[in-house]
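Undergrad: My structure is below; once you've seen it, I'll send some questions.
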Amino acid sequence: TPDYAGRPPLGIPSERMEAIVETDPGDGPEGTVLLRVVPSGRRDSSTDPDTNKQTAMPGGFKFWIDPAREYLVMRWDMQGRSHIVETVAQSPKGHWYPTRVRSKSSDPAIKDTFMDFYVEFDVEIPDALFDVKNPLPVEELLRKSQ
């Protein structure tokens, strides 16, 4: 969904993860702020302070957030994949959402994939859709909404 593509779970707050905000987006989209989420804390299995720190994830999870677009996540890198918001739109009430997202792998042999989102506003939804005691067949719901 556009909500998930533009506002994915960040993994925080968490006692095992630390959020680091960097105002320089580096190689991320212009106008964004970089939020890195990395492991923090100690492992419970060791008593030696030098060996009980958690293993670092290379770069952790990275989220490039655009403050000018209601903090929409314009790119996120996680486990060898990048999700890049290529185009956005605004709802009639002014809320930003992605309309096209590219998913890219760090493995050059894997081709990019795209998700295009088409959102309709001011669509009438029949009340029967929410009747859990006496649900209508999908075909009838579709016929009533057309």
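The values are calculated or read from the model by the stated rules, or taken from the named source; none is laboratory data. Note that this is a predicted model, so its numbers are computed, not measured. Backbone-built Cβ (ideal geometry, glycine too); neighbour counts: all protein chains shown. The area values use the complete protein model at the heavy-atom level, side chains included, leaving out ligands, DNA and RNA. Shrake-Rupley method; radii C 1.70, N 1.55, O 1.52, S 1.80 Å.
Undergrad: When you scan segment 73-114, how many residues do you find that are of a type in the set (Val, Ile, Thr) and either touching a Gly at 6+ places or on another chain (Cβ under 6 Å) or surrounded by 14 or more Cβ atoms within 10 Å (Cβ to Cβ) (or both)?
TA: 6
Undergrad: Shifting gears a bit: Under 8 Å between Cβ atoms, at least 6 apart or on separate chains: pull out the pairs that start in segment 94-116 with a residue that is farther than 10 Å from Ile84 by Cβ and end on any residue that is among the small types (Gly, Ala, Ser) and loosely packed, with under 13 Cβ neighbours inside 10 Å.
TA: Tyr97/Ser91; Ser105/Gly80; Ser106/Gly80; Asp107/Gly80
Undergrad: If we keep just the residues of segment 59-72 that are open to solvent by less than 80 Å² (accessible area, probe 1.4 Å) and small (Gly, Ala, Ser), which is farthest from Asp24 (Cα to Cα)?
TA: Only one residue tops the list, namely Gly60.
Undergrad: Just one of (1) at pLDDT below 95; (2) farther than 16 Å from Pro8 by Cβ trips up Thr99, so point out which.
TA: For Thr99, the failing item is (1).
Undergrad: While we're here: Looking only at segment 61-70, how many residues end up being farther than 20 Å from Phe121 by Cα and either touching a His at 6+ places or on another chain (Cβ under 7 Å) or without any contact (Cβ under 8 Å) to a residue 40 or more places away in the chain (or both)?
TA: Looking only at that region, the number is 6.
Undergrad: Among the residues of segment 115-124, write down those that are open to solvent by less than 100 Å² (accessible area, probe 1.4 Å) and out of contact with any strand residue (DSSP E or B) (no Cβ under 9 Å at 6 or more places or on another chain).
TA: Residues satisfying the conditions are Phe121, Val123.
Undergrad: Being among the small types (Gly, Ala, Ser) and either under 30 Å from the mean Cα position of the chain (by Cα) or modelled with pLDDT of 90 or more (or both) is the filter here, so list the residues in segment 103-143 that pass it.
TA: Within segment 103-143, Ser103, Ser105, Ser106, Ala109 meet the criteria.
Undergrad: Mind listing just one residue for me: the one in segment 4-44 that is over 30 Å from Phe117 (Cβ atoms) and of a type in the set (Gly, Ala, Ser) and, of those, least open to solvent (accessible area, probe 1.4 Å)?
TA: Residue satisfying both the conditions and the ranking: Ser40.
Undergrad: Determine whether segment 56-65 contains at least one residue that is of a type outside the set (Gly, Ala, Ser), modelled with pLDDT under 90 and over 22 Å from Ile20 (Cα atoms).
TA: Within segment 56-65, none of the residues are of a type outside the set (Gly, Ala, Ser), modelled with pLDDT under 90 and over 22 Å from Ile20 (Cα atoms).
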